[in-house]
Amino acid sequence: MSIGEVAERFGLATHVLRHWEAMGLISPIRVEGARRRYRSDDLYRVAVILRGKEAGFSLEEIHEMMTTSDAAERRAVLLRRREELARRIAEAQASLELVDCALDCDHEDLAGCPHFQAVIADRIPEAVRSR
């Protein structure tokens, strides 16, 4: 596939693919006057990069993860990101619980609803709650 076809398939600008190539994240073959040709392995690498970015990896972390032959180094990068993802998931789950609670509340003043207060209580600093 050409750079334009890959960019279109993934909804990217061609300069993004060129940047990733310059960083060593992808390495399309060169044909006919140095034109890039992307193989199926390159498409999987693009997909990994995109998924990694969605997970919060920086391009440098993605590069480190994809290029290192040291399993311990790769594992360290992945563990750091896993901890961050687990934190984000917990925050999103708490937010979803809050929205669901608010959707179920018929109180005129949402902040005065005892059930809503119970759901949000952990956001109030301990020093303030004990007054």
Per the list (1) assigned to a helix (DSSP H, G or I); (2) over 30 Å from GLU60 (Cα atoms); (3) in contact with a helix residue (DSSP H, G or I) (Cβ under 8 Å, 6 or more places away or on another chain), residue check on LEU78 breaks on (2)
Among the residues in region 41-53, are any more than 20 Å from the chain's Cα centre (by Cα), of a type in the set (A, V, I, L, M) and outside any loop (DSSP other than H, G, I, E, B)?
no
Yes/no for SER58 being within 29 Å of ARG88 (Cα to Cα), hydroxyl-bearing (Ser, Thr, Tyr) and either surrounded by fewer than 14 Cβ atoms within 10 Å (Cβ to Cβ) or without any contact (Cβ under 8 Å) to a residue 12 or more places away in the chain (or both)
yes
Being exposed (fewer than 11 other Cβ atoms within 10 Å of the Cβ) and of a type in the set (D, E, K, R) is the filter; apply it to region 15-40 and report the residue that is nearest to ARG81 (Cα to Cα).
ARG30
I need the full set of residues from region 12-54 which are free of Cβ contacts under 8 Å to residues at least 24 places away in the same chain, among the acidic types (Asp, Glu) and under 25 Å from THR68 (Cβ atoms), in order please.
GLU21, ASP41, GLU54
Can you report the number of residues in region 1-11 which are in a helix (DSSP H, G or I) and in contact (Cβ under 8 Å) with a residue 24 or more places away in the chain?
5
Here is a check on your reading of the model: is GLU5 surrounded by 14 or more Cβ atoms within 10 Å (Cβ to Cβ) and charged (D, E, K, R)?
no
Can you go through ALA86, ALA111, ALA90, ALA102 and tell me which one is in contact with a helix residue (DSSP H, G or I) (Cβ under 8 Å, 6 or more places away or on another chain), loosely packed, with under 12 Cβ neighbours inside 10 Å and free of Cβ contacts under 8 Å to residues at least 24 places away in the same chain?
ALA111
Scanning region 54-75 for residues that are of a type outside the set (Lys, Arg), touching a helix residue (DSSP H, G or I) at 6+ places or on another chain (Cβ under 8 Å) and assigned to a helix (DSSP H, G or I) gives LEU59, GLU61, ILE62, GLU64, MET65, MET66, GLU73
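Computed from the coordinates by the stated procedures, all read-outs in this text should not be read as laboratory data. Owing to the predicted nature of the structure, the values given are computational and were not obtained by experimental measurement. We place every Cβ from the backbone using ideal geometry, glycine too, and count neighbours over all the protein chains shown.
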